Each structure stands twice: as structure tokens, then as C-alpha cells.
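The values are calculated or read from the model by the stated rules, or taken from the named source; none is laboratory data. Just so you know, these numbers come straight off a predicted model, no measurement behind them. Positions of Cβ are generated from backbone atoms using ideal geometry, with glycine treated the same way; all protein chains shown enter the neighbour counts.
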Amino acid sequence: MDVGNLAQIGVNGLLSGGVYALVAVGLTLVFGVMRVINFAHGDFVMLGGYAAFGAFTLLGLDPMLALPLIMAVLGLAGWVFYRTTLAHTHGTEHLNQILLTLGVALLLQNGALLLFSPDYRTVAPTWADATVRLAGVAVPVPRLGGLVVALLLTVLLLVVLRGTDLGRSLRAVAQDPVAAQLQGINVHRAYGWAFAISTALAGAAGVITSVVLYLHPGVGLSYTVSAFAIVVLGGLGSTTGAFIGALLLGLTEASTAALVPSGSGWAEGVAFALLIGMLMVRPQGLFGRHA
Amino acid sequence: MRVSWRWQLLGLLAVAVVGFGLLFVASLYVVHLLVSALTFAVVAISWNLLLSTGQISLGHAAFFGVGAYTAGLGYERLGLPPWLGLPLAAVAAAAVALVLGLIVMRMRGIYLAIATLAFAEGLRVVFTMLSGLTGGAAGLTMPALFGGDEVANYLFAVGLVVLALGAHLVVVNTRRGFAFNAIRQGETAARALGVNVFTEKLYAFAISAALTGVAGAFYGCYLSFIDPEIVFALSVSVEAQVLPLVGGLYTVTGPLVGALTLGFGTELLRETLGQAHLLVYGLLLVVFVLWLPRGIVGSVAAAWHRRHAHHEIQHEEQPTNADSGEREKVRS
């Protein structure tokens with residue numbers, strides 16, 4: 001195993017971490033603001049991917065051009081999801097929200113199975129197979145693009161959270177919904193926004209995966225679990241933590257796949273092991289302040 | 001609603017008698033459907049038992065799978081008699097639950113749910129990858145119980161349901177039932193009342209897992225073949241929650257009612273929708289959480305209670321404060 005191979009593994013890991021980051025940042029936003037884990041989050045990734053597939057095959061639209069449009073549509077879908085279902089369980093026991101979002105996950109996943117068939121699909125624009133060589137390491141262009149998009153959107157989210165009225169209201173609701181309401185913030189509106197932003201980010205992740213990996217109606221849950229592992233790794237509710245946790249998971253999976261015998265099979269289990277290990281050792285995560 | 005232990009025993013007997021009686025009216029196909037409905041009723045009952053301590057598991061497939069593989073590997077690798085696989089499955093699943101319980105003991109709510117889900121999915125990967133021992137993705141042939149006789153298998157499934165209901169009733173009727181309720185309503189307060197929260201939660205985990213493990217072993221033998229995608233499937237963990245939700249969470253009979261209601265439906269759906277039959281489970285989860293959170297048993301009981309309360313008020317000219325308080329509780 002020479003240095004070049006190790007560098008290649010590192011680059012691969014970081015690049016797949018970029019896709020994870022987009023998924024995890026959305027999940028952690030909803031958790032941070034609403035204290036709800038959306039089990040259907042990964043299925044919005046899947047929907048985003050199929051949207052990109054549809055836009056590409058039916059309209060010939062390049063996935064990168066379709067990205068803002070798909071984010072808008074998925075954001076709206078997330079808002080509708082929140083208003084029609086989760087809004088009604090606000091303040092009741094966790095079990096309701098778990099069962100409800102799990103139900104929506106099953107609905108989306110199996111609805112997609114009926115609509116889109118269980119065939120594996122990919123979106124193949126002209127740049128899908130392009131690579132650039134940086135210091136002897138092959139870097140696939142779509143994955144690099146995914147990492148760049150993830151980085152840009154995460155920075156944008158941080159700017160929105162820190163610098164705008166919307167962001168301030170989201171952070172206020174996250175800290176204390178009752179106090180926020182007393183300041184004149186519409187809590188349900190804030191939750192709706194948090195959900196819309198979260199699913200829009202999931203949609204963006206879906207667009208990237210449709211080019212980089214593959215599409216299948218059943219991929220959603222594994223994204224949800226991976227994203228949850230990342231979010232626990234980085235500290236629940238921490239956006240920066242989610243981004244770094246995603247890169248860590250990408251690196252660990254890539255090195256497991258490359259270095260362990262029959263590692264690509266074991267790589268599937270890395271997220272689960274990291275999740276349980278982290279909850280045992282440091283439940284507040286790398287960047288979390290409190291458990 | 002409290003029911004005296006005599007009525008509870010009679011109820012258990014009635015389940016057994018009705019289960020036996022069905023043999024005389026049901027076709028072999030219906031008996032076959034009932035076997036899987038009853039198996040998942042056992043899983044649902046044990047999940048609901050764990051829930052009564054407030055612990056939400058999304059990973060009951062782990063216990064189901066460990067049970068099935070214990071029976072299968074005991075027969076295949078060690079040459080144990082098939083029937084011995086069932087108690088061994090209970091022990092193995094309980095042991096796994098104790099390990100998992102120690103890991104997740106400090107977690108609650110969402111954290112516990114996601115950790116148990118990750119645990120079950122992790123075991124699926126481990127059992128797939130350790131193909132030298134488990135047969136991996138190619139699966140494992142299971143020994144037949146009772147020479148594969150359909151009727152004997154069915155009667156055994158009825159027996160398992162009675163056992164699981166009995167276990168739940170024993171818990172409900174002893175101090176342990178009060179301890180479980182206290183833990184669900186607030187661990188700190190339960191601790192202050194002298195409940196050993198740690199032991200009680202572990203106990204709930206172990207007994208729930210043991211029952212699910214037996215169900216897994218039985219189901220594996222009934223299918224005569226298992227692989228990790230069957231017994232560690234997410235759909236097993238999902239079924240463990242959907243059945244009690246539809247039947248009635250926190251009730252003793254709810255999971256069985258849910259399993260019997262859905263048992264036939266899902267089999268029909270499996271034939272028409274194929275893999276996508278979980279679509280209906282998704283729909284049921286949403287509908288029941290939003291509009292029927294008490295499930296079938298809970299809603300019927302509440303309706304009966306309302307009528308009963310109404311009746312009493314008609315008889316007594318002046319309702320007392322206690323009465324109206326009771327009615328408030330029913331409505332809320």
C-alpha cells in the first residue's frame with residue numbers, strides 16, 4: 001500500500017462525505033429546531049434523485065441546472081409534509097413522531113417502488129465520467145462537484161442562520177419555543193421553514209447521488225441512518241459538526257472498503273458501528289455542548 | 001381499565017379454545033395465514049411489553065433474527081434436535097438484549113429508537129458477512145418442527161401467543177407492572193419511589209427479546225429457510241410497531257387484535273402489490289397516529305367507557321365531582 005493509494009482512498013472518502021454532508025445538515029437542522037428525527041429524510045433524497053432523473057430523461061435538463069428547481073419543489077413538499085402531518089403531533093410523545101415519520105418513509109419508498117419500478121437507474125450527463133488529475137490522484141468531476149455544492153449550501157445555511165431574521169427566529173425557536181413565541185415569533189411558521197430547508201437540502205443531495213451513485217426506491221432509509229450516525233458523530237443540532245461528521249464517515253467507509261478483506265460488504269455496517277460506538281462513548285458528539 | 005385475574009385467566013383460555021376451534025372451520029390456506037399472523041402477534045406483544053416501560057425499539061428484527069439463527073445453527077452445526085432450538089433461541093435473544101440493553105440503557109426516546117435500529121441493521125451486515133459460520137446471503141436451511149405438520153405448527157403458534165399474553169398479564173398484575181408504568185411516566189420520579197429503574201428496564205428488554213427470539217426460531221423452522229434479509233429485515237421491526245398501533249398501544253390484547261386484523265390483509269396485499277405491500281403499512285401508521293392513536297382496542301374501550309359513564313349519570317340525579325373528573329379523563 002503506497003502513499004498514492006492512500007491519498008486516493010482519502011480523496012474518495014472526502015468526496016462521498018460531501019454527499020453525506022448535504023443529507024446530514026438537513027437532518028440536524030430539523031432535529032436542532034424541532035427535536036424531531038425525520039425518518040423520511042432519506043426518502044426525500046430519493047425523491048430528489050428521481051426528480052433529477054425525470055428532468056434529465058424527459059426534458060433533457062442537466063442535473064446541475066435542475067438543482068435549484070428541484071430544491072424548491074422538494075422544499076415545498078417538505079413544508080406540505082410538515083403542515084399536513086407533523087404539525088398535528090407537536091407536543092405529544094416522541095413515539096407519535098417516530099411512527100408518523102416512519103409511516104411517511106414507508107409511503108414514499110413503496111410509492112416510488114410502484115411508480116418508478118425497482119430498477120436501478122443513474123443520470124448520465126456528459127460530465128458524469130469526467131475526471132481531473134490532481135497531484136497524481138484521480139478526482140471524479142461529479143463527486144468533486146457534489147462536495148463543492150455541499151460546501152456552498154452549508155455555508156449558505158450558516159449565513160442564513162446567523163445573519164437573517166429567519167435564521168434568528170429558527171435559532172430562537174430551537175432554544176425555547178415558548179420564549180420565542182412570547183417574543184412574537186410564529187413557531188409553526190419557523191418549524192415549516194426548518195422542514196422546507198431540510199428537505200430542499202435532501203433534494204440537492206438526491207440530485208448529486210443520481211449522478212454519482214445510483215437511484216433505487218429503497219435507498220432512503222440507509223441515507224437516514226447514515227445521516228443520523230453523522231449527526232450523532234458531529235453533535236446533534238450542530239451544522240458544522242454534521243459537515244465534519246459526514247467527511248469522517250466518508251473517510252471511514254472508504255478506508256474500510258479498501259483496507260479490510262471483503263471490505264465493501266463491511267463498509268455498509270460502518271455507519272451503524274460508529275453510531276452505537278459514539279452514543280456509548282460521547283453521546284453529545286464531537287461538537288455538541290450538552291448531551 | 002382493570003380486569004380481575006379470574007377474567008384474565010378466562011380470557012387466555014378463550015384465546016386458546018377459539019384458536020383450537022378455528023381448526024374445525026378454517027381451510028388449510030387460512031390456517032397457513034394464521035400461523036404467520038400469530039407469529040407476528042407474538043413479536044408485537046413483546047414489543048408492546050417493552051413499550052410499557054417507555055422504551056421504543058426500532059430493532060426487534062435483531063432478536064427475531066438471532067432467535068432464528070440460533071435454532072438453525074444449533075441444528076445445522078451442532079446437530080441439536082430441532083425442538084431444543086426454541087428455548088435456546090429465547091436464551092440467545094435475551095442474552096443479546098442484555099448486551100444491547102447495557103449499551104443503550106442511558107438512552108431514551110429518539111436516541112434509543114435509532115440505536116436499536118442501527119443495532120439490528122448492524123447484525124444484518126454481520127450475519128451476511130460471516131458467511132463461513134452463518135451461510136451468509138445464501139441463507140440457511142432450517143429443520144422442520146413436528147415433521148412439518150401444518151396443524152401441529154398452528155397449534156404451537158396459538159400456544160406461543162397464549163404464552164406471550166400470559167407473560168404480559170403476569171407483568172401487569174404484579175408490582176413489576178406498576179414499576180414499568182412509573183418508569184414510562186418519569187424515570188426520576190420512579191427512582192424516587194424506590195423503583196430500580198436499571199434492573200426493571202433490563203428485565204423488560206430481556207423478556208421482550210426472549211419472546212421475539214422464540215417467534216423468530218419458530219418462524220424460521222416454519223419457513224424451512226432463512227437468510228439475513230428475511231429475519232433481520234426492517235419490515236420485522238416495522239411490523240412489531242404497526243400491529244400494536246393498529247390494535248391499541250399499551251393494551252394487552254391490542255397487538256393480537258392488530259395482528260389478526262392485518263394478518264389477512266397483508267397476505268392479500270403481498271399477492272397484489274408484491275414488494276410494495278409496505279405502502280399500506282405506511283398509510284396505516286399515518287392514519288392511526290393522526291386520527292386513531294388509541295387503536296382498535298383503545299377506541300372500543302373508550303367508546304364503551306363513555307357509554308357506561310353516560311348511563312351512570314342518567315341514573316344518578318346529581319353527578320358527583322369524581323364522576324365528572326372521570327369523564328374529563330376519558331375525553332382527554
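Go through the residues of the stretch B:108-118 one by one and say whether even a single one is buried (at least 22 other Cβ atoms within 10 Å of the Cβ), at pLDDT 90 or above and over 16 Å from residue A:276 (Cβ atoms).
No: the stretch B:108-118 contains no residue that is buried (at least 22 other Cβ atoms within 10 Å of the Cβ), at pLDDT 90 or above and over 16 Å from residue A:276 (Cβ atoms).
Condition test on residue B:28, is it away from chain A (no Cβ under 14 Å), surrounded by fewer than 16 Cβ atoms within 10 Å (Cβ to Cβ) and closer than 25 Å to residue B:139 by Cβ?
No, not satisfied.
List every residue pair whose Cβ atoms lie under 8 Å apart, where the two residues are 6 or more positions apart in sequence or sit on different chains, the first residue falls within the stretch A:213-233 and is touching a residue at least 24 places away in the same chain (Cβ under 8 Å) and surrounded by fewer than 24 Cβ atoms within 10 Å (Cβ to Cβ), and the second residue, located anywhere, is of a type in the set (Asp, Glu) and assigned to a helix (DSSP H, G or I).
That search, which allows pairs on different chains as well, returns A:221/A:43; A:222/A:268; A:225/B:121.
How many of the residues in the stretch A:77-102 are surrounded by fewer than 21 Cβ atoms within 10 Å (Cβ to Cβ), of a type in the set (Gly, Ala, Ser) and either over 19 Å from residue B:284 (Cα atoms) or at the interface with another protein chain (Cβ under 8 Å from one of its Cβ atoms) (or both)?
1
Regarding the stretch A:207-229, can at least one residue be identified that is among the polar types (S, T, N, Q) and more than 12 Å from every other protein chain (Cβ to nearest Cβ)?
There is at least one residue in the stretch A:207-229 that is among the polar types (S, T, N, Q) and more than 12 Å from every other protein chain (Cβ to nearest Cβ).
Could you tell me whether residue A:239 is modelled with pLDDT of 85 or more and within 14 Å of chain B (Cβ to nearest Cβ)?
No; evaluated as a whole, the condition is false for this residue.
Matching residues to (1) without any contact (Cβ under 8 Å) to a residue 24 or more places away in the chain; (2) crowded, with 22+ Cβ neighbours inside 10 Å; (3) not in a helix (DSSP H, G or I):
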{"residue": "A:242", "(1), (2), (3)": "no, yes, no"}
{"residue": "A:246", "(1), (2), (3)": "no, yes, no"}
{"residue": "A:249", "(1), (2), (3)": "no, yes, no"}
{"residue": "A:253", "(1), (2), (3)": "no, yes, no"}
{"residue": "A:261", "(1), (2), (3)": "yes, no, yes"}
{"residue": "A:265", "(1), (2), (3)": "yes, no, no"}
{"residue": "A:286", "(1), (2), (3)": "no, no, yes"}
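Go through (1) touching a strand residue (DSSP E or B) at 6+ places or on another chain (Cβ under 9 Å); (2) at pLDDT 90 or above for residue A:21 and report which single condition fails.
(1)
Condition check ((1) touching a Gly at 6+ places or on another chain (Cβ under 7 Å); (2) among the basic types (Lys, Arg); (3) within 11 Å of another protein chain (Cβ to nearest Cβ); (4) over 24 Å from residue B:131 (Cα atoms)) across all residues:
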{"position": "A:251", "(1), (2), (3), (4)": "yes, no, no, yes"}
{"position": "A:257", "(1), (2), (3), (4)": "yes, no, no, no"}
{"position": "A:263", "(1), (2), (3), (4)": "no, no, yes, no"}
{"position": "A:268", "(1), (2), (3), (4)": "no, no, yes, no"}
{"position": "A:272", "(1), (2), (3), (4)": "yes, no, yes, no"}
{"position": "A:279", "(1), (2), (3), (4)": "no, no, yes, yes"}
{"position": "A:285", "(1), (2), (3), (4)": "yes, no, no, yes"}
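Any idea which of B:169, B:163 is part of a helix (DSSP H, G or I), of a type outside the set (Gly, Ala, Ser) and closer than 19 Å to residue B:68 by Cα?
B:163
Tell me, please, whether a residue that is assigned to a helix (DSSP H, G or I), touching a Lys or Arg at 6+ places or on another chain (Cβ under 7 Å) and farther than 19 Å from residue A:15 by Cα can be found in the stretch A:190-207. Please lay out each step first, then the result.
So the first thing to find is which residues in the stretch A:190-207 are assigned to a helix (DSSP H, G or I), and the list is A:190-207.
Adding the requirement that they be touching a Lys or Arg at 6+ places or on another chain (Cβ under 7 Å) leaves A:192.
In the following step, the residues that additionally are farther than 19 Å from residue A:15 by Cα were identified as A:192.
Yes, because at least one residue in the stretch A:190-207 is assigned to a helix (DSSP H, G or I), touching a Lys or Arg at 6+ places or on another chain (Cβ under 7 Å) and farther than 19 Å from residue A:15 by Cα.
Just the residues that are farther than 16 Å from residue B:216 by Cα, surrounded by 18 or more Cβ atoms within 10 Å (Cβ to Cβ) and at pLDDT 85 or above, please, taken from the stretch B:127-149.
Passing the criteria: B:128, B:129.
Does residue A:74 meet the test of being free of Cβ contacts under 8 Å to residues at least 40 places away in the same chain, buried (at least 21 other Cβ atoms within 10 Å of the Cβ) and not small (Gly, Ala, Ser)?
Working: free of Cβ contacts under 8 Å to residues at least 40 places away in the same chain: no; buried (at least 21 other Cβ atoms within 10 Å of the Cβ): yes; not small (Gly, Ala, Ser): yes.
Against the criterion (free of Cβ contacts under 8 Å to residues at least 40 places away in the same chain, buried (at least 21 other Cβ atoms within 10 Å of the Cβ) and not small (Gly, Ala, Ser)), residue A:74 does not qualify.
So, of the residues in the stretch B:114-125 that are among the hydrophobic types (A, V, I, L, M, F, W, C) and more than 7 Å from chain A (Cβ to nearest Cβ), which turns out to be nearest to residue B:104 (Cα to Cα)?
Filtering first and then ranking leaves B:120.
Would you please name the residue that is farthest from residue B:241 (Cα to Cα), looking only at residues in the stretch B:281-291 that are more than 7 Å from chain A (Cβ to nearest Cβ) and surrounded by fewer than 20 Cβ atoms within 10 Å (Cβ to Cβ)?
B:291
One line per residue, one yes/no per condition, for (1) more than 17 Å from residue B:44 (Cβ to Cβ); (2) modelled with pLDDT of 85 or more:
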site	(1), (2)
B:249	no, yes
B:266	no, no
B:276	yes, no
B:303	yes, yes
B:310	yes, no
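Tally time: how many residues in the stretch B:221-250 are away from chain A (no Cβ under 13 Å) and either in contact with a Cys (Cβ under 9 Å, 6 or more places away or on another chain) or among the aliphatic types (A, V, I, L, M) (or both)?
Residues flagged as away from chain A (no Cβ under 13 Å) and either in contact with a Cys (Cβ under 9 Å, 6 or more places away or on another chain) or among the aliphatic types (A, V, I, L, M) (or both) within the stretch B:221-250 amount to 5.
When residue B:253 is evaluated against the numbered criteria (1) among the polar types (S, T, N, Q); (2) exposed (fewer than 15 other Cβ atoms within 10 Å of the Cβ); (3) more than 14 Å from every other protein chain (Cβ to nearest Cβ), which criterion, by number, is the only one it fails?
All conditions are met except number (2).
Check whether at least one residue in the stretch B:92-107 is more than 26 Å from residue B:184 (Cβ to Cβ), away from chain A (no Cβ under 14 Å) and not in a loop (DSSP other than H, G, I, E, B), and report yes or no. Spell out how you get there, then give the answer.
The first filter runs over the stretch B:92-107 and keeps only residues more than 26 Å from residue B:184 (Cβ to Cβ), leaving B:92.
Cutting the leftovers down to away from chain A (no Cβ under 14 Å) gives us B:92.
Those still in the list that are not in a loop (DSSP other than H, G, I, E, B) too: B:92.
Checking the stretch B:92-107: at least one residue is more than 26 Å from residue B:184 (Cβ to Cβ), away from chain A (no Cβ under 14 Å) and not in a loop (DSSP other than H, G, I, E, B).
Does any residue in the stretch B:239-268 that is under 20 Å from residue B:302 (Cα atoms) come within less than 8 Å, Cβ to Cβ, of a residue that is surrounded by fewer than 24 Cβ atoms within 10 Å (Cβ to Cβ) and basic (Lys, Arg) six or more places away or on a different chain, and which pairs are these?
From the stretch B:239-268, the pairs are B:248/B:294; B:249/B:294.
Is it the case that residue A:95 is among the hydrophobic types (A, V, I, L, M, F, W, C), out of contact with any Phe, Trp or Tyr (no Cβ under 7 Å at 6 or more places or on another chain) and not in a helix (DSSP H, G or I)? Walk me through it before giving the result.
Working: among the hydrophobic types (A, V, I, L, M, F, W, C): yes; out of contact with any Phe, Trp or Tyr (no Cβ under 7 Å at 6 or more places or on another chain): yes; not in a helix (DSSP H, G or I): no.
In short, no.
Report, ordered by the first and then the second residue, all pairs with beta carbons closer than 6 Å, sequence separation of six or more or different chains, a first member in the stretch B:197-225 that is surrounded by fewer than 22 Cβ atoms within 10 Å (Cβ to Cβ), and a second member that is assigned to a helix (DSSP H, G or I) and not hydrophobic (A, V, I, L, M, F, W, C).
Cβ pairs passing all conditions: B:197/B:187; B:197/B:191; B:202/B:101; B:222/B:153.
Working only within the stretch B:226-250, note down all residues that are among the aromatic types (Phe, Trp, Tyr) and surrounded by fewer than 24 Cβ atoms within 10 Å (Cβ to Cβ).
Once the filter is applied, which keeps residues that are among the aromatic types (Phe, Trp, Tyr) and surrounded by fewer than 24 Cβ atoms within 10 Å (Cβ to Cβ), the stretch B:226-250 yields only B:250.
Among the candidates B:194, B:177, B:166, which residue alone is modelled with pLDDT of 90 or more, surrounded by fewer than 19 Cβ atoms within 10 Å (Cβ to Cβ) and more than 20 Å from residue B:293 (Cα to Cα)? Before you say what the answer is, go through the steps one by one.
Values: B:194 fails: modelled with pLDDT of 90 or more; B:177 fails: modelled with pLDDT of 90 or more.
Sole residue among the options that is modelled with pLDDT of 90 or more, surrounded by fewer than 19 Cβ atoms within 10 Å (Cβ to Cβ) and more than 20 Å from residue B:293 (Cα to Cα): B:166.
Looking at A:151, A:113, which is the one that is part of a helix (DSSP H, G or I), facing chain B (nearest Cβ under 10 Å) and in contact (Cβ under 8 Å) with a residue 40 or more places away in the chain?
Exactly one of A:151, A:113 is part of a helix (DSSP H, G or I), facing chain B (nearest Cβ under 10 Å) and in contact (Cβ under 8 Å) with a residue 40 or more places away in the chain, namely A:113.
Consider only pairs whose beta carbons are under 7 Å apart and that are at least six residues apart or on different chains; among these, list those whose first residue lies in the stretch B:106-127 and is among the charged types (D, E, K, R) and whose second residue is outside any helix (DSSP H, G or I).
B:124/B:232
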